1. Would you call Gly29 open to solvent by less than 60 Å² (accessible area, probe 1.4 Å) and either free of Cβ contacts under 8 Å to residues at least 60 places away in the same chain or closer than 19 Å to Phe90 by Cα (or both)?
2. Test Asp152 against the criterion of being outside any loop (DSSP other than H, G, I, E, B), under 24 Å from Met69 (Cβ atoms) and either open to solvent by 10 Å² or more (accessible area, probe 1.4 Å) or within 10 Å of ligand 1 (Cβ to nearest atom) (or both), and give yes or no.
3. Return the total of residues in region 91-146 being of a type in the set (Phe, Trp, Tyr) and either within 16 Å of ligand 1 (Cβ to nearest atom) or in contact with a helix residue (DSSP H, G or I) (Cβ under 6 Å, 6 or more places away or on another chain) (or both).
4. What is the residue count in region 77-98 for residues that are open to solvent by 10 Å² or more (accessible area, probe 1.4 Å), in a helix (DSSP H, G or I) and more than 22 Å from Phe144 (Cβ to Cβ)?
5. For residues that are among the aromatic types (Phe, Trp, Tyr) and either without any contact (Cβ under 8 Å) to a residue 24 or more places away in the chain or within 16 Å of ligand 2 (Cβ to nearest atom) (or both), scanning just region 124-167, find the one that is farthest from Ile191 (Cα to Cα).
6. For Glu74, are the conditions met, namely being of a type in the set (D, E, K, R), within 16 Å of ligand 1 (Cβ to nearest atom) and surrounded by fewer than 21 Cβ atoms within 10 Å (Cβ to Cβ)?
7. When both residues are 6+ apart or on different chains and their Cβ atoms are under 7 Å apart, which pairs have a first residue that lies in region 171-187 and is at positive phi, and a second that is open to solvent by 10 Å² or more (accessible area, probe 1.4 Å) and part of a loop (DSSP other than H, G, I, E, B)?
Amino acid sequence: MPVAKISPSLLSSDFARLAEECQRMVDCGADYLHMDVMDGHFVPNLTMGAPIIKSVRKHTDAFLDCHLMVAEPEKWVKDFADAGASMYTFHIEATDDAGALIDQIHSAGMKAGISVKPKTPVDSVFPYCDKVDQILIMTVEPGFGGQSFMEDMMEKVKTLREKYPNLDIEVDGGLDEKTIGTAAKAGANVIVAGTSIFKAKSSKDMISLLRKHVDDVQKK
Ligand code: DX5
Ligand code: ZN
């Protein structure tokens, strides 16, 4: 299992202070910064686009883990690459040609990820696991922070981990001190968390706690 990477979701941050919130997360030990891009069409919410990523990039060298919850993900690859995105994770449900899209993302100089909604079977991504940099298993319906972790998604994580021992497997939605153990045991190593990290008394302690669970599974 690859090393733990903790990716705080800036969706739970104060958007009016985005650069400071990003820096605060890096100072608290974040490996990635998770940027939730929603288009009001693929999901029933609107958040940010490439111009925001471009502004953030002027203030940080951090790894920008961009989660594109958008229709027609092919359309935004160049804009996100130019804006300084590090990883471009699209939804398998949003494209007819995931293989070509991965090539497009890599050619643009970004890492490529594929995300899977709760109702989508995990075998939909098997054909791409050897060329993609990360698979994101959604543990809530995409669209909003603060929802409850769907434990039944762990079967997907287990299946992927058994088949692909070295793959970065990210989980996103409802990860906190109660659910991290289950996710880590199933084989997830990239942990997205918004509410739990931003609402914690100490974001630094919460990031350490999430990391420790993944590290503990890895040591076994
Ligand atoms: C939901 C987003 C998540 C969200 C997670 O569609 O993809 O990244 O911010 O938020 P929490 O950790 O609050 O469930
Ligand atoms: Zn996300």
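The values are calculated or read from the model by the stated rules, or taken from the named source; none is laboratory data. What you are looking at is a predicted structure, and each value in this text was computed from that prediction instead of being measured. Every residue, glycine among them, receives a Cβ derived from its backbone with ideal geometry; neighbour counts consider all protein chains shown. These accessible areas exclude ligands, DNA and RNA; they are computed on the full protein's heavy atoms, side chains included. Shrake-Rupley method; radii C 1.70, N 1.55, O 1.52, S 1.80 Å.
1. When the stated conditions are applied, Gly29 does not pass them.
2. Criteria met by Asp152.
3. Result for region 91-146: 2.
4. 4
5. First, the residues of region 124-167 that are among the aromatic types (Phe, Trp, Tyr): 126, 128, 144, 149, 164.
Subset that is either without any contact (Cβ under 8 Å) to a residue 24 or more places away in the chain or within 16 Å of ligand 2 (Cβ to nearest atom) (or both): 144, 149.
Details: Phe144: 17, Phe149: 13 Å.
Ranking the qualifying residues of region 124-167, first place goes to Phe144.
6. no
7. Every condition considered, the pairs that remain are Gly173/Gln147; Gly173/Phe149; Gly174/Gln147; Gly174/Ser148; Gly174/Phe149; Gly187/Met1.
Listed here are the residues, each with its yes/no results for (1) modelled with pLDDT of 95 or more; (2) within 13 Å of Pro2 (Cα to Cα); (3) not in a loop (DSSP other than H, G, I, E, B).
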residue: Phe198; (1), (2), (3): yes, no, yes
residue: Lys201; (1), (2), (3): yes, no, no
residue: Leu210; (1), (2), (3): yes, no, yes
residue: Val214; (1), (2), (3): yes, yes, yes
